[in-house]
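Worksheet: one structure, shown below.
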There are 8 protein chains.
Amino acid sequence: MAPKAEPIVSVVMGSDSDLPVMEESTKILEQFAVPYELFLTSAHRSPARTTAFAKNAAQRGIKVIIVGAGAAAHLAGVIASETLLPVIGVPVDATSLKGLDALLATVQMPGGIPVATMAIGKAGARNAALFAVRILALENETMRNNLIKFVDNMAKDVAIKHENLMGIRS
Amino acid sequence: MAPKAEPIVSVVMGSDSDLPVMEESTKILEQFAVPYELFLTSAHRSPARTTAFAKNAAQRGIKVIIVGAGAAAHLAGVIASETLLPVIGVPVDATSLKGLDALLATVQMPGGIPVATMAIGKAGARNAALFAVRILALENETMRNNLIKFVDNMAKDVAIKHENLMGIRS
Amino acid sequence: MAPKAEPIVSVVMGSDSDLPVMEESTKILEQFAVPYELFLTSAHRSPARTTAFAKNAAQRGIKVIIVGAGAAAHLAGVIASETLLPVIGVPVDATSLKGLDALLATVQMPGGIPVATMAIGKAGARNAALFAVRILALENETMRNNLIKFVDNMAKDVAIKHENLMGIRS
Amino acid sequence: MAPKAEPIVSVVMGSDSDLPVMEESTKILEQFAVPYELFLTSAHRSPARTTAFAKNAAQRGIKVIIVGAGAAAHLAGVIASETLLPVIGVPVDATSLKGLDALLATVQMPGGIPVATMAIGKAGARNAALFAVRILALENETMRNNLIKFVDNMAKDVAIKHENLMGIRS
Amino acid sequence: MAPKAEPIVSVVMGSDSDLPVMEESTKILEQFAVPYELFLTSAHRSPARTTAFAKNAAQRGIKVIIVGAGAAAHLAGVIASETLLPVIGVPVDATSLKGLDALLATVQMPGGIPVATMAIGKAGARNAALFAVRILALENETMRNNLIKFVDNMAKDVAIKHENLMGIRS
Amino acid sequence: MAPKAEPIVSVVMGSDSDLPVMEESTKILEQFAVPYELFLTSAHRSPARTTAFAKNAAQRGIKVIIVGAGAAAHLAGVIASETLLPVIGVPVDATSLKGLDALLATVQMPGGIPVATMAIGKAGARNAALFAVRILALENETMRNNLIKFVDNMAKDVAIKHENLMGIRS
Amino acid sequence: MAPKAEPIVSVVMGSDSDLPVMEESTKILEQFAVPYELFLTSAHRSPARTTAFAKNAAQRGIKVIIVGAGAAAHLAGVIASETLLPVIGVPVDATSLKGLDALLATVQMPGGIPVATMAIGKAGARNAALFAVRILALENETMRNNLIKFVDNMAKDVAIKHENLMGIRS
Amino acid sequence: MAPKAEPIVSVVMGSDSDLPVMEESTKILEQFAVPYELFLTSAHRSPARTTAFAKNAAQRGIKVIIVGAGAAAHLAGVIASETLLPVIGVPVDATSLKGLDALLATVQMPGGIPVATMAIGKAGARNAALFAVRILALENETMRNNLIKFVDNMAKDVAIKHENLMGIRS
């Protein structure tokens, strides 16, 4: 399951408890053969580590950073303020407020430092990786073709599931 | 104020009443000399126009699509389902619910079709354009350098405003 | 359990995981002997399929469309924009936000394209079918009489449950 | 502005302060030449009047009832429990909670008695009338044709507004 | 567990599924020896039964009505509009919105018809009965004395629980 | 406008800025000729004054206490914990959260100490007084008769407003 | 587990059911060797006990008071109004509203009486104790040094967890 | 209005538009003769400036840091992660979500790094300064005495306002 080539996408999370959510990102990246890395750092518990990571990401060849965090989710915003790379935020449902706190803390960034926010939880983690693929596909024809196939398959899958549904009920 | 070169960013809005918000996007694009176009279409009132726009955007040379919409804001999601380009959504505060409806309708996309969601309103429109610039800067050194200057100026501006604040109060 | 006659109500859902909710609609339709069909399609994953379905529904004899969807639930609005039939939306609780996202994305339609929104989840699916029956009963005396019986039975059922409650406690 | 023919749609409101919102319904009904009546009654302040209205509506020839109400908006639900006609609810923004209270009190009906809920405020009132027209058009070819024209005009209007926008900015 | 004397408090609920919540009311009433009755009726499914109940309650000797209901909880408001007795509403957590819908539908009554709203769920049901006792105690010295004892015991109970806590931890 | 007889209802508020809201209570009390007093005290800024007020209210002849407060509205709960009289809470819209904070802080009382909560703002203040009248009318036939007239007039007023509406529009 | 020295921090809770949450506070205090006490009292069920506690805390040598409470959480505000010590509030998730009620009732204190509010639940209880330590460390060099170690360990722990994550996945 | 002595409290804000709110803090600090400084820095637009400020605050003699910020308010959390001083956060109402975003982004800090959160807006800014005074008063008898007077005056002020209210109305 481990990445091998030089990573071009970094999947960052604020806590190891976010892994089950953020693995939805890595599954998609593997499906599109995008070299990636996983990185664990906290905006609050390890700020120096976070700053160092963000400052160096571009020169290490990273193109897109995906960040998952819960509660008062500052991690995506903090990283976005220390890099010029596109940063995609995934709010994680980690408190009794069910991710609404993480969503607002990620999406309501003031003008100047953008964070591209996805849905709360696994759907968001999955879409974060697909959004990274859309960015990378702008300059990569193979990836663009794979994206076309992926989207076609999603549509076909809907039709197949419809047929299955009909079968079960008839 | 009108764009001249072949546009590479499309700024789409669901209603002409969204213009004062979405002009925050166009101001940033002009500041970075990104050729752009404005496009008005509604997910619900002009679905064929919306589909045609989304299907043709890539082959017209568009790289990134920014979409502003209010209420049950479906426009960004609908466009994202008909293109493989990165789509950035800006929820607009257009109802008594103050943009919370537009935010949830834009950000809570199910897995498969990503919309990169920004903050509600003008800050979001501004950041949508800055996020487009971050994507374009991946393959454009001039833009990257302009982004460095932009970010430096933001930091300097904070220091200047601090000094002004001290001046006013002393 | 499968429908036989030419369907006049279409029960559409965005994901096969919505089936346990939307079967509350089909149970009511069966109870009123309304011929119906089930249809699976996604606003985002299969947009062409969705558009084709919506454009053809009326000429296939469909009178009312019931649509269940969760998350950023665009499906009912998208279908309503491609047909002139009455479209009834059922928000499904499919994310950590407990259906509030689906409710707002379904009900807050901008002026021009109406979606008749029901409660989140099973109660809403049940009422969607009852609302379809109320529409059909406008021109169908048998159905109107069945509706009168249904409503009478509901009232009687309350009285019976009251008696049971008294029995249990005395 | 007053209706003349025997009304087939009733536009009900809980307070005369709801009139500016509910006139969005009457404007649409007039545009489609649907004979309608206005009726003022309160679920709480005039319950007998409300019940009498609801019980007699069908035999007076009413086909669809549109109900606007704010705060703990019980009016649509109460009317729906005393008639078998389709009842469409419009939540009105009448308190500091900005219509969220009226929305939840209208849409979250328990299984058995459906209320077709529209968006909060004027957009919802407009769509309530358009939904009534969609129901009536099922059995009225003229109305169906008018609806086709209406929808075509909406789409054309988007294109015209786009051109105007281009004109203003060039 | 069944009441014997002529009831002076009526504990009404909209569904037999509300019983586990509303039994918190009956336990308190039994503790204070207040004769009460249980009554099941639905604002929407049995409106005539509800109206008849409300209109006759006072002349049957009822002094206070406690009403529990969930979802778009109209029952307390509907009863309050047909009686002049004090009506106490208990919002029940019966949908995915966790009782927020029932709370707003119960408490946001427009001016003219008051419903005294308690907390969502069991705490609210308990307090509804205690509030009824406070009303009855205005004219009943025994009940007032029992209330003094009840309140004293609550305070003593806190001190005892504190001691237990100390015991467990030392 | 000042009360003269020995007050039996106390209208308490946490801040003099709550007066425009709470005067809706006093207007109703004057209309029903209920002797009342106004009292200003803060749960937090004047706790001793609040406790003294609450402890003595009953022996001064007060029967019902109405309490208006905004923000983290503790005043009604604090008073209810120091008296055995019925306490009615009116949440006041006094912060950017529009009274939602005051509503939850007033209504979500834990089991043991009830506060009868009314709607946010003026409608709630009006209903608080009407609820006090309903309590007092239990033992006061004149007040009960006045309440009957009041309720009749509300219903008549709806009919009159309906006629006015018809007049304006014809 | 019991404290021995004269306590300088008091950990107060409104119900013994809050203990599992508030023990997160006591664990941190033990880790920093801060002498503390546990105290159970309710704002509403034992107001005299609460007032006595708050009034005497400072002269008993208490420096900081941590208060956990759920529902309409008045306890922290009530204590803060009777002492001049810093009071830290921990909202507890104790109702169907998942702690949002406790959060707003704790944090939205009107000007004059501050309550330092922490996150809902265990994270908040943990941080309440860490905030108390930050206050105490202002005048206590040992504690300051322990805080430096604690913060260093948190950062190191992030790096270790990162390595573990890499190990699991490689 | 400018501070002269070496500051021991720092009042930080993320934008000069927060000044009208945060001056409520400085007014209180002046009233208690607490030497303070104002500092403008943004978590996102000037991260290096923010880190430098936070790292040096303690050695410059600062004892308490008050931080006001709006939208996805990360500033208090970011500063708290780079200092061991007590950090007090004031959520500012700066977006269409009325400060709910800033509140959740400030208060829902994960375990490890506490931010003492106050109410949204001016009341919160005022209380932030009063909380700083409560901390400083632990080791400063003059300040403690001033706090006693302040609290006494607040209580007296309530009584005076009550008398004024009586005067106006009699």
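The values are calculated or read from the model by the stated rules, or taken from the named source; none is laboratory data. The structure displayed is predicted, hence computed values, not measured ones. Here the Cβ positions follow ideal geometry from the backbone for every residue, glycine too, while neighbour counts run over all protein chains shown. SASA here: full protein model, heavy atoms, side chains in, ligands and nucleic acids out. Shrake-Rupley method; radii C 1.70, N 1.55, O 1.52, S 1.80 Å.
May I ask you to derive the relative contact order of the range A:12-74, considering only C-alpha pairs under 8 Å and at least 6 residues apart, and to give it as an integer percent?
In percent, rounded to a whole number, it is 51.
Looking at the calculated P(r) for the range A:54-146, what percent of the C-alpha pair distances fall above 24 Å?
Within the range A:54-146, distances greater than 24 Å cover 21 percent of Cα pairs.
Write down the accessible area per residue of the protein assembly as shown in Å², having rolled a 1.4 Å probe over the full set of protein chains.
Ligands and nucleic acids excluded, the figure is 33 Å² per residue.
Please report the spacing between the Cα centers of the range G:101-170 and the range B:125-151 in Å, no decimals.
36
So who's got an amide H within less than 5 Å of the one on E:Gly89, skipping anything under 5 residues away but keeping other chains? H placed 1.01 Å off N, in plane.
Answer set, sorted by chain and number: E:Val67, E:Ala116, E:Thr117, E:Met118.
Expressed as a rounded percentage, what relative contact order does the range D:9-139 have, with Cα pairs under 8 Å and six or more residues apart?
Result for the range D:9-139 is 27 percent.
Can you compute the label reach from D:Asn140? Point 7 Å from Cα along the Cβ direction, backbone N cut-off under 18 Å, restricted to the range D:54-87.
Residues D:57-67, D:85-87 fall inside that zone.
Using R₀ = 35 Å, calculate the FRET efficiency as 1/(1 + (r/R₀)^6) where r is the Cβ-Cβ separation of E:Asn56 and D:Asn56; round to 0.05.
Computed FRET efficiency for E:Asn56 and D:Asn56 comes out at 0.90.
Averaged over its residues, how many other protein chain Cβ atoms are within 10 Å of peptide H:63-72's Cβ atoms?
The mean count of partner-chain Cβ atoms within 10 Å per residue comes to 4.
I'd like to compare A:63-70, E:69-76: which one has the highest average count of other Cβ atoms within 10 Å, and what's the full order after that?
With the highest mean Cβ count within 10 Å placed first, the list reads E:69-76, A:63-70.
Before we go on, tell me the buried accessible area for the G/F pair, both chains summed, 1.4 Å probe, in Å² to the nearest 100.
Result for this pair: about 1900 Å² buried.
How far, in whole Å, is the nearest Cβ of chain D from the axis relating it by rotation to chain B, and which residue carries it?
Value returned for chain D: D:Lys98, 5.
Over the whole of D:23-30, what's the average partner chain Cβ count within 10 Å per residue? Rounded to a whole number, please.
Per residue, the average neighbour count from other chains is 1.
Within 10 Å of each Cβ of E:83-90, how many other protein chain Cβ atoms are there on average?
What the average comes to for E:83-90 is 5.
In the range F:136-161, which residues become less accessible by 50 Å² or more once every protein chain is in place, relative to the chain on its own, using a 1.4 Å probe?
So the qualifying set is F:Leu138, F:Glu139, F:Met154, F:Val158, F:Lys161.
Expressed as a whole number of Å, what is the distance separating the alpha-carbon centroids of the range H:1-58 and the range D:47-94?
57
Report the residue, chosen from C:Ala129, C:Ala52, C:Ala116, that carries the largest GNM mean-square fluctuation when chain C is represented by alpha-carbon nodes joined by springs under 10 Å.
Sorting by GNM fluctuation, first place goes to C:Ala52.
Taking the Kirkwood radius as the inverse of the mean 1/r across Cα pairs, report the Rg/Rh of chain F.
Result for chain F is an Rg/Rh of 1.02.
Provide, in order from the shortest bin, the percent of all Cα-Cα pairs of the protein assembly as shown in each 10 Å bin, continuing until the bin that contains the maximum pair distance.
2, 9, 17, 21, 21, 17, 10, 3, 0
Which residue fluctuates the most in chain B, going by a Gaussian network model with Cα springs under 10 Å, if the choices are B:Gly121, B:Gly14, B:Gly112?
B:Gly112
Give me the mean projected area, in nm² to one decimal, of the convex hull enclosing the Cα positions of the range C:16-105.
5.7
Only helices at least 30 Å long along their own axis, judged from Cα atoms, and with Kyte-Doolittle mean hydropathy of -1.0 or greater: name those in chain G from DSSP H.
G:141-169
At 222 nm, what value in deg cm²/dmol follows for chain B if DSSP H runs of at least 4 each add -39500 (n - 2.57) and the sum is divided by all its residues, to the nearest 500?
Roughly -15500 deg cm²/dmol at 222 nm, from the helical runs in chain B.
I want to make sure I understand the PRE zone here: with the label point 7 angstrom from the Cα of H:Ala5 toward its beta carbon, which residues in the range B:135-170 have backbone N atoms less than 20 Å away?
Hits in the range B:135-170 for H:Ala5 at 20 Å: B:170.
So, in chain F, how many Lys pairs have Cα atoms under 16 Å apart, if the pair is 8 or more places apart or on different chains?
So the count of such lysine pairs works out to 4.
What part of the accessible area of the range A:33-155, given as a whole %, is carbon or sulfur when the probe is 1.4 angstrom?
52
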